[in-house]
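See below for the structure under consideration.
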């Protein structure tokens, strides 16, 4: 049954609520102060938290603010001295609901049921995210990949800007997603911008947004990706292809944490973490005059290089097995095998398209071959 934590300095209130909740088959834990409640939440999991507002030392609003930092469990505030202003403040701070003391039994049970529905939805979302994350897992045990994983663990919890380098198809986007996933911003948006795919005359509108009528096709106001990523991570993919004029505005946004929409007249504050990626040598681009050196130094607080597949060939068996399982299930051929000579043939291929190319070839082989992929199949269908 659902587990509920009661945080209240009045023992009689805790006992009364415990009696009601245990009669309704809930599991109940108690804390007589905000500090004790926070400690319990750090060391245990709860489905719902009931928290008094008027408490000595740390009051309910302060407790709520601290709870918001460590859990997404619904918090219901309760008070015998409440006002409309108090209730509004609690809701604004993130409380699920507000109940006056002594609580009306029906109102309490309905609120608990609604909060439990929300808690279950959060758990389902976590489960789905785990499944999605598994699909985007970083496969490999080579020294280079181990070092990248360690770097992500160190860097992700900070707000340091990261520049990811590597050839096309090596998995730079995957590194960016994992930096976001392990960061304190993971609950907020991850917004990706492919700077190479957007015409230079539109990149500023995409990044910073525009006001209605600012140019011919601007029929309505649009928030740019900086605004849409507020609180989260903005991934600037292929930043080496960004125009110099757009680079200047991105530099200003990084320096001042402010942007201005195209056609706008006021600054808009933004709070984003920037992760950028490129397959170009930006130091060479700086020498050519096509990339700003000051922007490079702003972006490259942390540098992560993703090696080519040819430089991590020992990961090919793990990647192959992973793709074969994933693709075999999706095309209705679960349990497909690959022979030793086929694996050897894959290791001997010169991979120009890196992991992306390997995945494409495994998909081709999975579709065209029978239950086991042989070395002859690789030579016939790999296309090298």
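The values are calculated or read from the model by the stated rules, or taken from the named source; none is laboratory data. It should be emphasised that the depicted structure is a prediction, and the values quoted were computed from it without experimental measurement. Positions of Cβ are backbone-derived with ideal geometry, glycine not excepted, and every protein chain shown enters the neighbour counts.
In summary, residue 208 fulfils each of the numbered conditions (1) out of contact with any strand residue (DSSP E or B) (no Cβ under 9 Å at 6 or more places or on another chain); (2) within 30 Å of residue 157 (Cβ to Cβ); (3) buried (at least 19 other Cβ atoms within 10 Å of the Cβ) with the single exception of condition (1).
Scanning the stretch 216-247 for residues that are farther than 28 Å from residue 157 by Cα and not in a loop (DSSP other than H, G, I, E, B) yields 222, 241, 244, 245, 246. Would you check if residue 207 is under 30 Å from residue 262 (Cα atoms) and not in a loop (DSSP other than H, G, I, E, B)? So residue 207 fits the description; yes. Summed over the stretch 235-264, the residues that are buried (at least 18 other Cβ atoms within 10 Å of the Cβ) and within 18 Å of residue 279 (Cα to Cα) give a count of 9.
Restricting the stretch 72-94 to residues that are modelled with pLDDT of 85 or more and part of a loop (DSSP other than H, G, I, E, B), the residue that is farthest from residue 40 (Cα to Cα) is 94. Within the stretch 201-221, being in contact with a helix residue (DSSP H, G or I) (Cβ under 7 Å, 6 or more places away or on another chain) and more than 21 Å from residue 176 (Cβ to Cβ) holds for 204, 209. Of all residues in the stretch 341-354, those that are assigned to a loop (DSSP other than H, G, I, E, B) have Cβ atoms under 6 Å from Cβ atoms of residues that are loosely packed, with under 15 Cβ neighbours inside 10 Å, 6 or more apart or on another chain, in 349/384; 351/310. Collect the residues in the stretch 251-266 that are out of contact with any strand residue (DSSP E or B) (no Cβ under 7 Å at 6 or more places or on another chain) and more than 20 Å from residue 221 (Cα to Cα), keeping them in residue-number order. Once the filter is applied, which keeps residues that are out of contact with any strand residue (DSSP E or B) (no Cβ under 7 Å at 6 or more places or on another chain) and more than 20 Å from residue 221 (Cα to Cα), the stretch 251-266 yields 251, 252, 255, 256.
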